[in-house]
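The values are calculated or read from the model by the stated rules, or taken from the named source; none is laboratory data. Just so it is clear, the model here is predicted, and its values are computed rather than measured. Quick reminder, even Gly has a Cβ in these numbers, built from the backbone with ideal geometry, and neighbours come from all protein chains shown. When the accessible area is computed, the model is the full protein with side chains, heavy atoms only, and any ligands, DNA or RNA have been set aside. Shrake-Rupley method; radii C 1.70, N 1.55, O 1.52, S 1.80 Å.
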Amino acid sequence: MIQLKIAFLDEEELYLEQLKGYFVQKKENFFKIYTFTDADSFLKSRMTEQFDAVVMTYPFWEMMKEQDFSEKKILLSEEDGYAVQGCLHVDKYQSAEKLSAKIASYLWQENREGKEVFLNTAELIGIYSPVSHEDQMLFSMTMAQILAADQKVLYVNLMENSGFYELLHTEATADIGDLFYTMMHEDYDFSLYLHSILKTCRNFDYIPPAVNPEHLSEISQSLYEKFFIALKNNSGYDVVIVDFGRIFLGFAELIPLFSNFYCLKKEGRLNHCRMDAFLTYLQKKSMDTVEKMHSLHLLERQAGAEENLLEADLYGTMGDYIRRTLYGGAVIDG
């Protein structure tokens, strides 16, 4: 994926330092930020650096309005809603998340007009447990941590009442239900809204899971398909890990979009019956779908690892299993 180069021009040095700190910590995969408090420094840097966009306050806008810009010019407005007629603008005094999302949307609009921004598509990895394995989410998030060591990883949780927020001791003002609701409208910007609600856990990003489990029951097959295709082609990540919580209409038909699909099982006669029933269901749909499923039997959790489960799994038997079996050797089915 191309790392977009953005120049910020503002005389307020403290603001630029705080903004740059946010981008370095949260958005460095997508943006490389250059900050300038005077026009001369910017013009000198411009001789050796090629920027995708220049975001500047009004004094700089006036100072350089005669300059010939190949970059996309964006006004950093210090007055609520103020803009020079006909120009792109973003409000300066808003959250850095919303600011970055708006800038990204301007550049991705250019992508839709013919300029490719994302040169690669994401690898989709699906994870599901017909036997409702209690460690499914921890398995997925441990895999996300491991892959995020050298790739850009997004985690997506489609499980009802997953316990995600309780596990991380966090909350969200907007979640995946809001994203799906936005996608139900004709005039929506997937990239803009996705990056406006993303959050970070350890070294990977995630879409906040549904707070209200009923919202997941309202999603149609066509909307799921649109969602997965958008994640694959327009999210900007190398890997997207999707935790499935239930079978929905069209589930089997969407599996071919995934490069890998892991099916977690566990011991017990009834669990074996449930597993067989699931594979029989898939077989009726397509043998290709069945062959894409990798059945995994997770090792028992180590005792005394209840306080920080994510860290314990990363450095414990689960993390070792993922590194060795899935990404260090052949996948073992059965």
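Assorted remarks:
- Residue satisfying all of: in the stretch 29-46; modelled with pLDDT under 90 and farther than 19 Å from Lys92 by Cα; surrounded by the most Cβ atoms within 10 Å (Cβ to Cβ) among these: Phe30
- Scanning the stretch 276-290 for residues that are of a type outside the set (A, V, I, L, M) and either surrounded by 11 or more Cβ atoms within 10 Å (Cβ to Cβ) or at pLDDT 85 or above (or both) returns Asp276, Phe278, Thr280, Tyr281, Gln283, Lys284, Lys285, Ser286, Thr289.
- Condition met for Ser140 (surrounded by 18 or more Cβ atoms within 10 Å (Cβ to Cβ), under 16 Å from the mean Cα position of the chain (by Cα), modelled with pLDDT under 90 and assigned to a helix (DSSP H, G or I)): no
- Residue match in the stretch 206-218 (condition: surrounded by fewer than 19 Cβ atoms within 10 Å (Cβ to Cβ), without any contact (Cβ under 8 Å) to a residue 12 or more places away in the chain and more than 24 Å from Ala172 (Cβ to Cβ)): no
- For the stretch 212-254, filtered to residues that are part of a loop (DSSP other than H, G, I, E, B) and among the acidic types (Asp, Glu), the residue that is farthest from Tyr188 (Cα to Cα) is Asp238.
- In the stretch 111-130, the qualifying residues are those that are β-branched (Val, Ile, Thr) and either part of a strand (DSSP E or B) or modelled with pLDDT of 90 or more (or both), and the one that is farthest from the chain's Cα centre (by Cα) is Ile127.
- Residue match in the stretch 161-171 (condition: open to solvent by 10 Å² or more (accessible area, probe 1.4 Å), modelled with pLDDT under 95 and closer than 17 Å to Ile247 by Cα): yes
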